[in-house]
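Values in this text are rule-based calculations from the coordinates and carry no lab data. Because the structure is predicted, anything quoted here is derived from the model rather than measured. Every residue, glycine among them, receives a Cβ derived from its backbone with ideal geometry; neighbour counts consider all protein chains shown.
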Amino acid sequence: MSAPQTDVEKQARSHRSVIWGIVIVVVFGLAMAGFITLSGTSGEDDPDDAATTPTTSAGQTESN
């Protein structure tokens, strides 16, 4: 059984905006994933880093 209307050019024109919308959303998602990945690796002002470094009363780190 074949499709009753097979005007491929008309279908391509009507779906063009939907395809562009999908492309824009994918690019935005990749940009956000890259931003989140790169922003988490700076290491500055890491509260866990201060808790794991033992310090003396003078503020210098201990050496074992």
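Side notes on the structure shown:
- Added length on full extension, which subtracts the Cα-Cα distance from 0.36 nm per residue, Ala12 to Leu38: 5.6 nm
- Karplus (6.51, -1.76, 1.60) ³J(HN,Hα), θ = phi - 60°, over the range 19-33, in Hz, Gly and Pro reported as x: 5, 5, x, 5, 4, 5, 5, 5, 5, 4, x, 5, 5, 5, 5
- Exposure proxy shown here: for Ser14, Ser2, the number of other Cβ atoms within 10 Å sets the order, fewest to most, as Ser2, Ser14.
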